Amino acid sequence: MLKKKGSKGRQSNEINAGSMADIAFLLLIFFLVTTQIAEDKGVLTTLPPWSDDEPDITKLKERNVYSVLVNANNELLVRNEPMQARNLRKNAKEFISNPENRPDYAEKPEKAIISLKNDRGTKYETYIEVLNELKGAYNELRNEMAERTHGKPYEFLEKADQKVIRNKIPLIISEAEPTAFGEEG
Amino acid sequence: MGKFNEGKGKEMPAVSTASLPDIIFMLLFFFMVTTVLRENTLKVDVVTPKATELTKLIHKTLVNTIHVGKPKEQYQPIYGTAPMLQLGDAVKGPGDIPLFLENFKQKVPESKRGLIISSLKVDGDVTMGILQDIKTKLRQSNQLKINYSAKTKEQ
C-alpha cells in the first residue's frame, strides 16, 4: 500500500515532455507558412547627382560615345544603326575594348562612355534588358582582364585589384532626359 | 560468458526521444532567424523582369523598397489603372518619394545613411515615363544608389 502511493506521487510530479515535440512542430510549421526567405537582387546602379542643366555630351569626341536609343516601340538604335538587343553585348564589348584599333571605336576603355536615351513610352522590361546587356559587356571585359593579369575571375580578386581593373574599365552610363513621343501606360 | 551476452542485449532499449524537442526547436530558431515576416500586402501588381548581371542586397536594414505597377483589381476603383507607386503600405505618386526617403533615413544610424539603397521593384510592363519621374525625385533627394530588382535569367 505504501509503495503504491509513492509511485503515484512521482507520476504526478513529472510533466510528460513527449508532446513538446508536437508543439514545437506546430510553431515550426507556422513560421514556414507565414514567412518567406526575403532575397532581393537586381541590377545595381548609381544615379548621377542632381543638377539643373543637362550634361553636354557633344563636347566629347564622337568616337568615344556609344549612343543607345530606345524608342516607344522598344526598338534599338545603336550609333545610328538599328540593332537587336541580343547583339548589343558583343557589339558593346568590341566598341569598348577596340581590339582592332578602329578609328571609329573608343580610344581606350577609360574613355568610352555609354549614352543611353529612351522614350517615356519605352517598356521597363526593354530598358532593363539594355542596361543588363551593357553591364554584362563591362563585366565580361573586366573578367577577361582579370584572367589575363591575375589568372582568376574578377569576383575572386582582392578588393584592391578589383579597384585597379574597375578604374581601367570604368562603367560610365550617361542617361539623357527621355523623349516623350510614345504612349505611357 | 552467456551472462555477459545477456547483459549486452539488455543495454539496447528504444532510442530516447527526449532530445527530439530540442532538435525541432533548433530548426524552429533557424527558420525564425533566416526569414522575415511579410511586412506589407502589395496593392500593386509587380512582376519584375529577368536579368543576368545581378547583385544581391545583403544589408536588409539599409534597403528601402519602392514597388511600381498597376493597382490590383480590387483597388482599381480607387486608384485607377495607371501605374502607381507603393511606398510602405500606401499607394502613392512619385511626389511622395522625398518624404518616404526622409522617414526611412530617420530609422538608420547617422553613420550608415550614405549606404542606403533604394530597391525599385518595377513591373516589366510599366513604361519609362513614371520611372523617369521616380528617378528625378530620387536624384533630387540625393538618394543615388538604386537597385533595379530582377529575377535570375537562365542562360
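Quick rundown of the values:
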{"item": "Some residue of region B:96-110 being more than 12 Å from every other protein chain (Cβ to nearest Cβ), in contact with a helix residue (DSSP H, G or I) (Cβ under 7 Å, 6 or more places away or on another chain), basic (Lys, Arg) and open to solvent by 40 Å² or more (accessible area, probe 1.4 Å)", "result": "yes"}
{"item": "Listing of strands (runs of 3 or more DSSP E) fully contained in region A:63-129 that carry 1 or more residues being within 19 Å of A:THR45 (Cα to Cα)", "result": "A:65-70, A:113-118"}
{"item": "Selection from region A:163-184 of residues that are touching a helix residue (DSSP H, G or I) at 6+ places or on another chain (Cβ under 9 Å) and within 13 Å of chain B (Cβ to nearest Cβ)", "result": "A:LEU171, A:ILE173, A:GLU175, A:ALA176, A:GLU177, A:PRO178, A:ALA180, A:GLY182, A:GLU184"}
{"item": "From B:LYS60, B:LYS92, residue being within 21 Å of the chain's Cα centre (by Cα), modelled with pLDDT under 90, more than 22 Å from A:GLU129 (Cβ to Cβ) and surrounded by 15 or more Cβ atoms within 10 Å (Cβ to Cβ)", "result": "B:LYS92"}
{"item": "Tally, over region A:168-184, of residues that are assigned to a loop (DSSP other than H, G, I, E, B) and in contact with a strand residue (DSSP E or B) (Cβ under 6 Å, 6 or more places away or on another chain)", "result": "6"}
{"item": "Of the criteria (1) modelled with pLDDT under 85; (2) open to solvent by 90 Å² or more (accessible area, probe 1.4 Å), which one A:SER7 fails", "result": "(2)"}
{"item": "Which listed residue, of A:LEU88, A:LEU27, is in contact (Cβ under 8 Å) with a residue 24 or more places away in the chain, among the aliphatic types (A, V, I, L, M) and either within 14 Å of chain B (Cβ to nearest Cβ) or open to solvent by 80 Å² or more (accessible area, probe 1.4 Å) (or both)", "result": "A:LEU88"}
{"item": "B:ILE66 vs. criteria at pLDDT below 90 and either touching a strand residue (DSSP E or B) at 6+ places or on another chain (Cβ under 6 Å) or not assigned by TED's automatic domain parsing to the domain that holds B:LYS135 (or both)", "result": "no"}
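Here is a yes/no grid of residues against (1) closer than 19 Å to B:THR48 by Cβ; (2) in contact with a strand residue (DSSP E or B) (Cβ under 8 Å, 6 or more places away or on another chain):
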position: A:SER115; (1), (2): no, yes
position: A:ASN118; (1), (2): yes, yes
position: A:LYS123; (1), (2): yes, yes
position: A:TYR127; (1), (2): yes, yes
position: A:GLU133; (1), (2): yes, no
position: A:ALA137; (1), (2): no, no
position: A:MET145; (1), (2): no, no
position: A:HIS150; (1), (2): no, no
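The values are calculated or read from the model by the stated rules, or taken from the named source; none is laboratory data. Everything numeric here is computed off the predicted structure, so don't read it as measured data. We place every Cβ from the backbone using ideal geometry, glycine too, and count neighbours over all the protein chains shown. Quick note on the areas: whole protein, heavy atoms, side chains included, nothing else; ligands and nucleic acids left out. Shrake-Rupley method; radii C 1.70, N 1.55, O 1.52, S 1.80 Å.
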